[in-house]
Amino acid sequence: MRLTTSLAALAIALAPFAAHAADKMKDEEAAAASAPVPPPNVSVTKHKGVFGGQSIAYTATTGETYLNDKDGKPAAAIFSTAYVRDGGDPKTRPVTFLYNGGPGSGSLWLHMGAFGPKRVVLPDAKDDGAPPYPLVDNPESLLDVTDLVFIDPVGTGFSHTLGGKDPKDYWGVSSDAKSISDFIRKWLSENGRWASPKYIGGESYGTTRSVALINELEGTYNDVAVNGIILISTILDFAAPAEVQGNEMPYILNLPSMTTTAWYHRKLPNPAATVAEAAAQARTFAIGPYAAALLKGNQLGAEERASVRAELSRLTGLSEQFLDNANLRVTPGRFYKELLRDRGLTVGRLDSRYTGVDYDRAGEEGDNDPSFYGIDASYTSAVNSYLRGDLKYTTDRQYVTIGGVRGWDWKLEGQGGRDGEVYVNVAPYLGRALRENSGLRVFVGQGYYDFATPFFGAEHSLNRPGFDPSRIQFHYYDAGHMMYVRQEDLRKLSADVKAFIRAR
């Protein structure tokens with residue numbers, strides 16, 4: 001009773017201060033909304049480099065582009081870094097717009113790891129440790145075949161809202177895509193590039209963004225026609241991999257990734273000669289006997305169950321007893337901990353070649369993903385030192401690598417369903433774009449060791465009716481979600497994307 005009374009008294013005593021703080025916050029928000037917006041912060045520098053064996057002079061423009069609201073007032077500052085070859089013909093020289101995923105991730109991964117003129121060097125499938133992290137010339141950059149524009153959506157990188165606008169206005173599948181569409185249209189106008197061949201591309205949620213974006217660019221009469229879409233570590237259908245009770249698809253789509261991971265860590269009996277062969281065996285079993293067994297549920301007979309359990313054990317490296325206890329259904333979270341339990345190790349989610357020692361090896365929860373904490377520090381260091389150093393960009397803002405966006409709006413405009421709701425699947429946008437743009441082609445790059453966006457899930461999304469398979473290319477890499485962390489796959493990815501762009 002005394003404690004309750006004391007707390008009540010304290011609340012009463014503090015009420016005026018709380019009210020004052022709230023009023024002060026409102027005043028600050030009002031001041032921010034009425035304060036004059038400064039001009040965009042931009043830095044322009046000149047550089048030279050050797051890419052694809054060619055010596056190329058280029059201009060780097062890094063900084064803000066303002067997007068306006070319906071009243072024509074600046075509402076958001078989109079941060080981007082553009083690399084444009086000096087002397088290039090704007091009528092024939094392609095331009096490629098790139099971004100990463102999240103939602104809530106800056107473009108530093110593709111920028112500093114794969115396609116930019118500089119890249120950070122880190123050990124493959126090992127923790128990156130402490131600085132310094134070498135920043136070197138990147139001969140695998142795409143600058144010999146295309147100009148490049150790396151984009152950070154609102155809430156990532158240095159991008160932010162203006163004039164007191166709510167950043168949540170940009171945090172949704174459709175609203176995010178619209179803002180990037182607005183940025184691209186403005187960039188094309190300001191740089192005289194409407195006639196150029198155009199490519200858009202992203203990684204992870206950036207693939208979702210790419211397909212939502214093609215709907216914004218080509219889904220109206222005010223089209224921006226696109227030559228190609230580059231999808232790296234693809235996730236388009238969020239229902240198929242959803243780990244909810246009663247959904248059997250995640251087990252089917254994750255099985256080939258479990259097989260390739262077990263193959264890599266030498267946990268398979270009588271393994272296939274190559275990872276591609278192991279993946280092929282797993283695909284056949286996953287959509288055949290395994291899918292049939294899961295769909296039969298309680299009607300599955302003992303003999304068939306035993307046969308499926310034995311083959312599942314052979315393809316995952318897990319014991320039949322464990323699989324029986326799991327009712328033939330193993331989530332990725334359990335697989336990470338179980339595969340190398342005898343070695344006291346767990347495997348990574350983004351890249352299952354990485355291993356870590358987990359504090360809690362009993363359940364699915366535990367320490368962070370070793371394939372993410374093994375690379376994040378080096379990329380954060382690289383993008384900050386490079387933008388603020390070589391590209392001479394000056395700002396007091398912090399570069400947001402992963403923004404942790406909360407309250408993301410997953411609704412899709414123009415899709416129906418019960419009470420207007422439907423699960424998120426942007427793939428139909430891509431099917432329609434392929435039907436309505438005969439010149440559009442799609443590049444799909446997948447890592448064999450990626451559980452965040454499994455390669456079989458990408459195949460499932462794009463192998464359905466409504467897609468022209470002759471215009472969709474699948475490429476596979478011997479690494480995970482960010483396959484370019486492996487030097488051999490960086491070279492292969494670069495060569496594959498360059499060939500895709502040249503083939504227009």
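Okay, here's what the table says:
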read-out: THR59/TRP408 FRET efficiency (R0 30 Å; Cβ-Cβ; nearest 0.05); value: 0.30
read-out: Pair LYS48, THR395: separation of 7 Å Cα→Cβ label points (nm); value: 3.0
read-out: For the range 493-504, 3J(HN,Hα) per residue [Karplus equation, 6.51 cos²θ - 1.76 cosθ + 1.60, θ = phi - 60°, Hz, x = Gly/Pro]; value: 4, 4, 4, 5, 5, 4, 5, 4, 6, 5, 7, 4
read-out: Kirkwood Rh (inverse of mean 1/r, distinct Cα pairs), the range 404-504, angstrom; value: 15.7
read-out: Protection proxy ranking, peptides 221-232, 46-57, 280-291, average beta carbon neighbours within 10 Å, highest first; value: 221-232, 280-291, 46-57
read-out: Segment ALA495-LYS126, extension gain: residue separation times 0.36 nm, minus the distance between their alpha carbons; value: 130.3 nm
read-out: Per-pair calculated FRET efficiency, R0 = 51 Å: GLU320 and ARG504 via Cβ, rounded to 0.05; value: 0.50
read-out: Separation in nanometres of the label points that stand 7 Å from Cα toward Cβ, at SER307 and ASN222; value: 6.0
read-out: Relative contact order for the chain, counting Cα pairs under 8 Å that sit 6 or more residues apart, in percent; value: 19
read-out: Surface accessible to a 1.4 Å probe, per residue, for the residues of the range 446-504, Å²; value: 36
read-out: Dipole magnitude (debye, nearest 20) for the chain, charges at Cβ of Lys, Arg, Asp, Glu; value: 760
read-out: Selection from LEU255, ALA177, LEU490 lying farthest towards where the dipole of the chain points positive, charges on Cβ; value: LEU490
read-out: Peptides 132-143, 208-219 ordered by average Cβ neighbours within 10 Å, highest first; value: 208-219, 132-143
read-out: Highest to lowest packing among 238-245, 449-456, scored as the average C-beta count within 10 Å; value: 449-456, 238-245
read-out: Neighbourhood net charge (15 Å Cβ-Cβ; Lys/Arg +1, Asp/Glu -1) for TYR221; value: -2
read-out: Karplus-derived HN-Hα couplings along the range 460-469 (A = 6.51, B = -1.76, C = 1.60, θ = phi - 60°), whole Hz, x at Gly and Pro; value: 4, 5, 9, 9, 7, x, x, 10, 8, x
read-out: With every protein chain in place, the chain: carbon and sulfur % of accessible area (1.4 Å); value: 53
read-out: Charge-dipole axis of the chain as Lys and Arg at +1 and Asp and Glu at -1 on Cβ define it, positive-most pick from VAL444, LEU294, LEU67; value: VAL444
read-out: Lys/Arg +1, Asp/Glu -1 at C-beta; the chain dipole; positive extreme among SER371, HIS475, THR346; value: HIS475
read-out: Computed lengthening from ASP169 to GLN245, 0.36 nm per intervening residue step minus Cα-Cα distance; value: 24.1 nm
read-out: For the range 96-186: relative contact order, % (alpha-carbon pairs under 8 angstrom, 6 or more apart); value: 29
read-out: Computed E for ALA35/ASP342 - FRET, C-beta separation, R0 45 angstrom, nearest 0.05; value: 0.15
read-out: Where the range 255-410 is the region considered: accessible area per residue in Å², 1.4 Å probe; value: 49
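The values are calculated or read from the model by the stated rules, or taken from the named source; none is laboratory data. Nothing here was measured: the structure is a model prediction, and the numbers come from that model. Quick reminder, even Gly has a Cβ in these numbers, built from the backbone with ideal geometry, and neighbours come from all protein chains shown. The protein model used for the area step is the full one, side chains on, heavy atoms only, and it has no ligands, DNA or RNA in it. Shrake-Rupley method; radii C 1.70, N 1.55, O 1.52, S 1.80 Å.
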